[in-house]
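Where a number appears in this text, it was derived from the coordinates with a stated rule and is not lab data. Please read all numbers here as calculations on a predicted model, not as lab measurements. Methodologically, a virtual Cβ is constructed for each residue, glycine included, from the backbone with ideal geometry; neighbour enumeration extends over all protein chains shown.
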Amino acid sequence: MFGMLQQFISSIILTSFLSVLFFLSLWHNFVTVHFQSKPDPRDIRSSRTNINPRKKPSPNKIRRYSRESTSSSSPLDLENDDENNIEYDHTITSLRANLPMDYFKPNNGAPKNLNHDHDANEQTRIYDNPFKGDTLSLEDHKLVPDLKYYYRQYNIEVEEFRITTDDGFVLDLWHFIPLGGSSKDQTGKYPLLLLHGLLQSAGAFASSGRSSLAYYLYEQGFDIWLGNNRCGLDPDWDMQKLNNDKKKKWDWDIHEMCQYDLKCLVETVLEKTIHFEKLTLVAHSQGTTQSLLGLVNGEKLYGSTFKLIDKIDNFVALAPAIYPGPLLQEKGFVRFMGMGIDSPWIFGTKSFIPLMMFMRNIGVGTKIFSFFSYIMFNYMFDWNDVLWDKQLRDRNFLFSPVSISVKLMQWWLSSDVNKTSFKYGSNKMFPHDKTWFPIRQETSTTGQTEQDLHLNPPRDSAKHFPQIMLFIPKQDRLVDGERLINHFVNHEDNSVYKIWYIDEYSHLDVLWAHDVIERIGKPIINNIRYPNNPLNDSGTIITATA
């Protein structure tokens with residue numbers, strides 16, 4: 001009876017909360033669209049943390065250069081710090097992204113409000129890429145919340161698996177195979193497992209079709225697996241493993257997702273790919289938290305039969321969520337959730353805002369649902385579609401939100417300083433001033449002691465750790481990417497990692513920006529570490545083509 005009263009009061013409060021959030025989002029969108037004077041309405045501040053490497057790069061170790069872009073005629077503006085393994089991407093396209101094509105035609109004259117480092121002709125050519133135009137014109141604009149519908153148009157079948165974790169949660173695992181073929185057609189191709197962020201499904205990697213990272217990596221010859229965490233779009237449990245205890249259905253947070261979900265996904269992919277002992281893990285946002293938690297703290301989380309760090313060749317982190325950013329304190333609604341998330345009278349004790357999933361179930365596949373989803377994300381987090389392909393924006397919201405537990409949101413947002421949460425306890429899980437991936441020769445050279453190391457014991461060389469690739473958006477204020485950069489450049493051997501710091505990207509641009517293939521996909525291909533022994537039937541090594 002007491003629990004039912006809590007649930008009733010929580011429903012009233014959350015319905016009111018969502019209603020207010022909805023109307024504020026509508027108003028914010030109206031003002032932004034009709035009264036915003038700036039051509040780029042984004043918050044262009046970073047996280048407030050300055051990048052400050054102890055090893056100051058010498059001038060001859062910093063190179064400013066450009067690289068041709070196939071997504072536009074404007075080259076990428078890049079600066080490389082070889083000493084600290086950071087590539088700074090200074091390219092700016094956002095001032096052009098939302099303006100009409102006619103604005104850039106020569107008879108209109110040179111745009112006055114654009115970056116003066118580019119001339120008018122160069123601004124005009126940004127839209128002259130026939131490949132990009134043809135790609136978008138071929139996309140189906142229907143809104144169908146099923147990846148299979150779109151990928152059959154690309155001659156790709158999405159093979160579905162339902163797999164169960166050791167603690168009784170049923171996960172969705174999706175696999176790209178040729179249309180009309182089978183998993184055997186992917187034999188010998190190197191596996192990539194893609195892991196999604198908070199309130200998303202793995203569909204986020206693939207929703208923009210031919211412009212998506214999932215499609216691009218598949219076309220480059222990789223074996224693509226899309227992994228979904230527990231509950232997700234279609235919650236299911238093995239109640240026998242849960243000992244028929246219904247309370248356990250929502251009694252989990254990031255630790256269980258790391259300890260059980262990620263282990264189950266990795267083991268299943270490796271079991272089905274046969275020829276490979278390791279895979280490459282590509283993660284976004286929460287997926288990076290989950291993954292690095294396993295890589296950095298695996299000595300505590302996993303038993304002797306499984307170590308995540310020994311199953312991964314490469315770890316690619318997109319908008320890594322390791323340290324909290326200032327947005328958690330700046331946004332009123334985020335602060336409200338933080339203050340109320342621990343109260344069962346406000347958010348309950350089971351699934352997080354079940355009304356949200358109810359609205360998805362009745363509205364997904366309609367333009368109005370995708371639009372409302374976009375404006376609420378935009379209002380709460382300052383993320384917008386300035387860099388996205390507008391024709392595909394509504395498709396990107398077909399595969400979210402998903403069901404998660406209140407306990408998971410408590411881990412992310414709790415204001416209780418006594419709890420180990422993302423907001424207040426990230427340094428306990430990811431100690432900033434300790435080495436996570438120690439190299440034996442480096443520790444002996446620098447005189448590091450056991451107190452300087454975290455949990456992983458030293459290994460002989462960087463080759464014995466996964467190669468880590470970090471893509472950090474400067475305009476991502478939800479997380480503090482600069483603090484993570486400082487950790488790696490000051491406490492990890494530079495042979496372990498490579499960092500891309502992208503000036504104009506924010507949290508979701510690493511998935512959905514119009515040039516994500518050029519600025520994320522190709523660097524992954526060009527820097528990935530391939531295994532030595534995957535063979536096809538003819539005995540030749542199969543690798544992706546750059």
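Could you calculate the FRET efficiency of residue 251 with residue 33 from 1/(1 + (r/R0)^6), where r is the beta carbon distance between them and R0 is 45 Å, rounded to 0.05?
The formula returns an efficiency of 0.60 here.
Would you work out the relative contact order for segment 384-447, in percent, from Cα pairs under 8 angstrom that are 6 or more residues apart? Mind dumping the intermediate values first?
Details: 22 pairs, mean separation 8.8, N = 64.
Once divided by the residue count of segment 384-447, the mean separation gives 14 percent.
Could you quote the convex hull projected area for the chain, Cα atoms only and averaged over all directions, in nm²?
Average projection, Cα convex hull of the chain: 26.6 nm².
Considering only DSSP beta bridges whose two residues both sit in the chain, what percent are antiparallel, to the nearest 5? Please report the intermediate quantities before stating the final value.
Numbers: 28 of 60 bridges.
For the chain, the DSSP antiparallel bridge percentage is about 45.
How would you rank 413-419, 255-261, highest first, on the average number of other Cβ atoms within 10 Å across their residues?
Order by mean packing, descending: 255-261, 413-419.
Just in segment 130-180: which trypsin sites (Lys or Arg not before Pro) are loop by DSSP and have at most 12 other Cβ atoms within 10 Å?
Here the trypsin sites (Lys or Arg not before Pro) that fit, given the DSSP loop and packing criteria, are 142.
Among DSSP beta bridges whose residues both lie in segment 146-287, state the antiparallel percentage, nearest 5.
On the way: 13 of 22 bridges.
Antiparallel bridges make up about 60 percent of those DSSP assigns within segment 146-287.
Can you give the extra length, in nm with one decimal, that the chain gains between residue 240 and residue 529 once fully stretched, where that is 0.36 nm per residue apart less the Cα-Cα distance?
On the way: separation 289, 0.36 × 289 = 104.04 nm, distance 4.10 nm.
Fully extending the segment from residue 240 to residue 529 adds 99.9 nm.
Quick one: putting +1 on the C-beta of Lys and Arg, -1 on the C-beta of Asp and Glu, what dipole do you get for segment 143-527 around its Cα centre, in Debye to the nearest 20? Walk me through the numbers before you get to the answer.
Working: 40 positive and 46 negative charges, 123 e Å.
The dipole magnitude comes to about 580 debye.
Please list, or write none, the lysines whose alpha carbon is within less than 23 Å of the alpha carbon of residue 419, excluding same-chain residues fewer than 8 places away.
Answer for residue 419, where 23 Å is the Cα cut-off: 247, 248, 249, 300, 331, 350, 407, 428, 434, listed by chain and number.
Once both labels are modelled 7 Å past Cα along the beta-carbon direction, what's the residue 62-residue 417 spacing in nm?
The modelled label-to-label distance comes out at 3.8 nm.
Expressed as a rounded percentage, what relative contact order does the chain have, with Cα pairs under 8 Å and six or more residues apart? All intermediate terms of the calculation are to be shown ahead of the outcome.
Numbers: 984 pairs, mean separation 117.1, N = 546.
Answer for the chain is 21 percent.
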